[in-house]
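To start, the structure under review is shown below, and the notes come after it.
The values are calculated or read from the model by the stated rules, or taken from the named source; none is laboratory data. These numbers come from a predicted model, not from an experiment. A quick note on method: Cβ atoms are made from the backbone with ideal geometry, for glycine too, and the neighbour counts reach across all protein chains shown. When the accessible area is computed, the model is the full protein with side chains, heavy atoms only, and any ligands, DNA or RNA have been set aside. Shrake-Rupley method; radii C 1.70, N 1.55, O 1.52, S 1.80 Å.
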Amino acid sequence: MSQRLITVAGAQLGPIQKAEGRDIAVGRMVRLMERAHRHGAQVVVFPELALTTFFPRWYEEDIANADHWYETALPSNETAPLFEAARKYSIAFHLGYAEKTPDGRRFNTAVFVHPSGEIVLKYRKIHLPGHKDYDPVRQVQHLEKRYFEVGDLGFPVVRAPVGGQDVNIGMLICNDRRWPETWRVLGLQQVELVMLGYNTPSINQDRRGFEAHHLRVLHSHLSIQSGCYQNACFGVGVAKGGVEDGHELFGHSIICNPQGEIMAQATSWDDELIVADCDLDMCNLGRTTIFNFAAHRRPEAYGRIVEQVGSSEPPVWQPRGARR
Ligand code: CDT
C-alpha cells in the first residue's frame, strides 16, 4: 500500500530570559534542527515568538520602547543561521516571531520556510488574548492586544512540497488553537498539517477566577486533538516552556494524528525534540466519511457563527400554567 509519509519534528524550547539575546535562542534552535535532521525529520516546528522571551508580559507605556522585540526582516543577521541550517540539512521550518512591517504595523506572526530559505506561507495571529492597557488585577500582564494588531491574512492553506510530498499546510498561533472556527476554516481548505506554536502560562493569572493548574494542559491538548479529529488533519503544537524571569509556561508539546490521538509528547519543559512519522493518507478516512464536509455540513444553520460575536440569552420557557 502506498503511503504519503513525512517525518515531522516539534522543537519545544525551554525558557528564554528577558536579558537573553536572539543569538542564544537561535543557537539552541540550530542545535534542535541538527537533531531533527539526525532523526530523519523533513520539517521542524518552533514555538510562537520563538526568538525572545514572551515579552507581552512586560508593560511599556511607549510601544517604541518595545521595538527591540520585533523582527523587521527575515532573515536578518541574527536569524540567518536558521536559514543556513535549513539549507544544510534540507529541512523546512516553521517559526513564530514578532513582526514589525516597513509601515510600522505589528503582528504576532508565523512563517513556513522551505529548505531553500524561501518563505512559503505567512500567517498573522487572529485571536489575540489578554488586554491593551495595564491591568492591576492581573498578577502578570498579558498585553498581546497592546503589542499586536489582529492578523490580516485570514487562515491561508497552501499545497507545498515537504519531504518529497505535496502537503496542504496551514498555521495557527497559540490562542487560535482554542477556537473551533479556526480549525474549520483550515479544514475547509483540506489542510493536512497544521503547525502551531504557543506560550501558555501554567496558571491563569487573572485573579477574577480560579482554574486548577492541571486543567491548563488538558485544555491545550483537548483543543488540538479535537481540531485534528474534526478536520481530519495532523497537528503539531509546540510550546515554549519553563520559567522565564519567574513566570512559568507549560510544555507538553504534542504531535497529533487525524484520529485525534497523540503520537508524540514532550516530557520536559526544556529544549526537547518530538518526532513522528505522519502518513498523510490518514487524512482521507475522516475527510471521506464522518467529516465529508460536502455531504454533511449544513451552513444554512450556522448563521450565528459569522453573524454574531458575543453570546445572547435564549428565550425563557415556562410551564403552561405559569405563562402570562
Ligand atoms: N500566547 C497565548 O496566546 N497564550 C494564551 C494564554 C492567554 S492567558 C491571557 C493561550 O491561549 O494559551
Self-check item: Counted charge near Leu273, where neighbours are those whose Cβ lies closer than 13 Å (Asp, Glu -1; Lys, Arg +1)
Solution: 0
Exercise. Mind giving me the nanometre distance, one decimal, between the label points for Ala301 and Arg31, set 7 Å out from Cα along Cα→Cβ?
Key: 5.4
Quiz prompt | ³J(HN,Hα), Karplus 6.51/-1.76/1.60, whole Hz, each residue of segment 231-242, x for Gly, Pro | solution = 10, 6, 9, 8, x, 10, x, 10, 8, 9, x, x
Practice problem: Could you please state how large a percent of the accessible area of the chain is carbon and sulfur, counting protein chains only and using a 1.4 Å probe? | Solution: 53
Quiz item: Normalised by the residues of segment 138-272, what does the relative contact order come to in percent, with Cα pairs under 8 Å and at least six apart?
Solution: 20
Practice problem: Go through 309-320, 14-25 and give me the packing order, highest mean Cβ count within 10 Å leading. | Solution: 14-25, 309-320
Quiz item: What does the charge count near Arg87 come to, summing +1 for each Lys or Arg and -1 for each Asp or Glu among other residues with Cβ under 14 Å from its Cβ?
Solution: -2
Practice problem: Taking amide H positions as placed in the peptide plane 1.01 Å from N, state which residues far from Leu5 in sequence (5 or more) or on other chains have amide H under 5 Å from it. | Solution: Leu280
Quiz item: If amide H atoms are built 1.01 Å from N in the plane of the peptide, which residues on other chains or at least 5 residues away come under 5 Å of the amide H of Ser253?
Solution: Ala239, Ala266
Quiz item: At 222 nm, what helix-only mean residue ellipticity would the chain give, in deg cm²/dmol to the nearest 500, using -39500 (n - 2.57) for each DSSP H run of four or more?
Solution: -6500 deg cm²/dmol
Exercise. Would you calculate the separation in nanometres between label points at Asp152 and Asn204, each defined as 7 Å from the Cα along the Cα-to-beta-carbon direction?
Key: 3.4
Quiz item: When DSSP beta bridges are limited to those with both residues in the chain, what percentage is antiparallel, rounded to the nearest 5?
Solution: 65
Quiz prompt | Equivalent ellipsoid semi-axes - Cα gyration tensor, the chain, angstrom | solution = 31, 28, 18
Practice problem: For segment 190-324, state the average projected area of the convex hull of the C-alpha atoms over all orientations, rounded to one decimal in nm². | Solution: 13.4
Practice problem: May I have the extent of the alpha carbons of segment 81-207 along their three principal axes, as whole Å values ordered from largest to smallest? | Solution: 51, 34, 32
Quiz item: What number comes out for the charge environment of Ala66, summing +1 per Lys or Arg and -1 per Asp or Glu over other residues with Cβ under 11 Å away?
Solution: -1
Quiz item: With θ set to phi - 60° and the Karplus curve 6.51 cos²θ - 1.76 cosθ + 1.60, what are the ³J(HN,Hα) couplings of segment 165-180 in order, to the nearest whole Hz, using x for Gly and Pro?
Solution: 10, 8, 10, 7, 10, x, 9, 10, 10, 6, 4, 3, 5, 7, 10, x
Quiz item: Where in segment 63-88 is the amide nitrogen less than 17 Å from a point lying 7 Å along the Cα-to-Cβ axis of Lys18?
Solution: 63-70
Practice problem: Starting with the highest mean, order 122-128, 227-233, 267-273 by the number of other Cβ atoms within 10 Å, averaged over the residues of each peptide. | Solution: 227-233, 122-128, 267-273
Exercise. Considering the convex hull of the alpha carbon atoms of segment 1-125, report its projected area averaged over all viewing directions, in nm², one decimal.
Key: 8.7
Quiz prompt | By accessible area with a 1.4 Å probe, ligands and nucleic acids excluded, highest first: order of Val45, Val185, Val140 | solution = Val185, Val140, Val45
Exercise. Read phi for every residue in segment 194-204 and hand back ³J(HN,Hα) as whole Hz from Karplus 6.51 cos²θ - 1.76 cosθ + 1.60, θ = phi - 60°, with x for Gly and Pro.
Key: 9, 10, 8, x, 8, 10, 10, x, 5, 10, 6
Practice problem: Obtain the nm distance between the two label points defined at Val316 and Glu60 by a simple spin-label model: each point lies 7 Å from its Cα along the Cα-to-C-beta direction. | Solution: 5.1
Quiz item: Going by average Cβ neighbours within 10 Å, how do the peptides 169-182, 144-157 rank, with the highest at the top?
Solution: 169-182, 144-157
Quiz item: Straight-line reach from Lys132: which lysines have Cα under 25 Å away, leaving out those fewer than 8 places along the same chain?
Solution: Lys18, Lys100, Lys122, Lys145, Lys240
Quiz item: What's the extension gain from Asp270 to Ile119 if we count 0.36 nm per residue and subtract their Cα-Cα distance?
Solution: 51.6 nm
